[in-house]
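Working notes for the structure below.
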Amino acid sequence: MKMLVLGAPGAGKSTQAKKISKKFDIPHISTGAILRNEIKQKTENGLKAKGYVENGKLVPDELVIDIIENFIKSEVAGRGFFLDGFPRNITQAEKFSEMLEKAGKSLDKVINIVVDNGEAINRLGLRRTCKDCQQTSIYNQVQGDTCRNCGGQLLKRKDDDGKVIRHRLKVYDKETHPLVEYYRGKSILADIKGTGTLEEVTERILESL
Ligand code: AMP
């Protein structure tokens, strides 16, 4: 299964992509997570990406296209994949189509998780990520700052801050949302209602496959 997920920041893309890729035993590739890791390791790409990521701007296309191109050429991509956070604009989507064609591969499905902006802003404001295992959760007073999965410290992402969140949503509307119609035109898009419990959303995605 070769798939990717679209949706505004806070729609629940990574949470769902992790669950579904585990179920199908395919790699989950999140360009955001790869970039955050590069930033943490202070690699050359990380240093280039830092300012963009922390301010909610898209990093230059070449940087993410290189990451995805290397992955698509790799042997593991043959088993299938679930991309999360790529493509983010029409240039990346067109480049991605070329890459797939060259590699003799094609996309099976594009999942579009739909939530309204109010819901996305609420979720992002409360989102916490574990410093150790990277699992995300929604902040609540009982749990406090301790990760339920590994006991590590929960932190707020720098780009999950009020002003940056609003900027990321604007970038999504302008740059990424046009991809919904781009993939609808290829007849591989499924619109999935992103509200309800995590399990309900997963169930809707599985039904669409
Ligand atoms: P995400 O974890 O998907 O919310 O991505 C976090 C940040 O990483 C984004 O706000 C961008 O700065 C950067 N990023 C992730 N994927 C891409 C992409 N495909 N193109 C450009 N920037 C990206």
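The values are calculated or read from the model by the stated rules, or taken from the named source; none is laboratory data. Treat the numbers as computed from the prediction; the structure is a model and nothing was measured. Every residue, glycine among them, receives a Cβ derived from its backbone with ideal geometry; neighbour counts consider all protein chains shown.
For the subset of the stretch 75-96 comprising residues that are small (Gly, Ala, Ser), more than 13 Å from the ligand (Cβ to nearest atom) and part of a helix (DSSP H, G or I), which member is nearest to residue 63 (Cα to Cα)? If we take residues in the stretch 75-96 being small (Gly, Ala, Ser), more than 13 Å from the ligand (Cβ to nearest atom) and part of a helix (DSSP H, G or I), then 77 is nearest to residue 63 (Cα to Cα). The sole residue among 111, 121, 165 that is part of a strand (DSSP E or B) and either β-branched (Val, Ile, Thr) or under 22 Å from residue 17 (Cα atoms) (or both) is 111. Picking from residues in the stretch 136-162 that are outside any loop (DSSP other than H, G, I, E, B) and touching a residue at least 12 places away in the same chain (Cβ under 8 Å), the one that is surrounded by the most Cβ atoms within 10 Å (Cβ to Cβ) is 154.
Tally time: how many residues in the stretch 32-48 are under 21 Å from residue 128 (Cα atoms) and assigned to a helix (DSSP H, G or I)? Let's see the steps before the verdict.
Narrowing the stretch 32-48 to residues under 21 Å from residue 128 (Cα atoms): 32-41.
Subsequent filtering for residues that are assigned to a helix (DSSP H, G or I) retains 32-40.
Total satisfying the criteria: 9.
Against the criterion of being at pLDDT 95 or above, farther than 23 Å from residue 183 by Cβ, among the basic types (Lys, Arg) and exposed (fewer than 14 other Cβ atoms within 10 Å of the Cβ), residue 42 qualifies.
Against the conditions (1) surrounded by 16 or more Cβ atoms within 10 Å (Cβ to Cβ); (2) within 26 Å of residue 124 (Cα to Cα); (3) touching a helix residue (DSSP H, G or I) at 6+ places or on another chain (Cβ under 7 Å), residue 72 satisfies every one except (2).
Criterion first (assigned to a loop (DSSP other than H, G, I, E, B), without any contact (Cβ under 8 Å) to a residue 60 or more places away in the chain and of a type outside the set (Lys, Arg)) does residue 104 satisfy it? Considered against the rule, which asks whether it is assigned to a loop (DSSP other than H, G, I, E, B), without any contact (Cβ under 8 Å) to a residue 60 or more places away in the chain and of a type outside the set (Lys, Arg), residue 104 comes out as yes.
Within the stretch 100-120, the residues that satisfy the criterion of being more than 17 Å from residue 77 (Cα to Cα) and either hydrophobic (A, V, I, L, M, F, W, C) or at pLDDT 95 or above (or both) are 111, 112, 113, 114, 115, 120. Taking only the stretch 32-69 into account, find how many residues are away from the ligand (no atom under 11 Å from the Cβ), aliphatic (A, V, I, L, M) and closer than 18 Å to residue 156 by Cβ. Summing the residues that are away from the ligand (no atom under 11 Å from the Cβ), aliphatic (A, V, I, L, M) and closer than 18 Å to residue 156 by Cβ in the stretch 32-69 gives 0. From the set of residues in the stretch 87-134 that are surrounded by 15 or more Cβ atoms within 10 Å (Cβ to Cβ) and touching a Pro at 6+ places or on another chain (Cβ under 7 Å), which is nearest to residue 5 (Cα to Cα)? Only one residue fits best here, namely 93.
Which condition does residue 29 not pass, out of (1) outside any helix (DSSP H, G or I); (2) within 9 Å of the ligand (Cβ to nearest atom); (3) of a type outside the set (Ser, Thr, Tyr), if it passes all the others? Condition (2) is where residue 29 drops out.
Yes/no matrix, rows are residues, columns are (1) closer than 18 Å to residue 7 by Cβ; (2) of a type in the set (Asp, Glu):
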{"residue": "136", "(1), (2)": "yes, no"}
{"residue": "148", "(1), (2)": "no, no"}
{"residue": "153", "(1), (2)": "no, no"}
{"residue": "161", "(1), (2)": "no, yes"}
{"residue": "175", "(1), (2)": "yes, yes"}
{"residue": "198", "(1), (2)": "yes, no"}
{"residue": "206", "(1), (2)": "yes, no"}
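Could you please let me know if residue 19 is surrounded by fewer than 20 Cβ atoms within 10 Å (Cβ to Cβ), closer than 28 Å to residue 125 by Cβ and of a type outside the set (A, V, I, L, M, F, W, C)? Spell out how you get there, then give the answer.
On the way: surrounded by fewer than 20 Cβ atoms within 10 Å (Cβ to Cβ): yes; closer than 28 Å to residue 125 by Cβ: yes; of a type outside the set (A, V, I, L, M, F, W, C): yes.
Judged against the criteria, residue 19 is a match.
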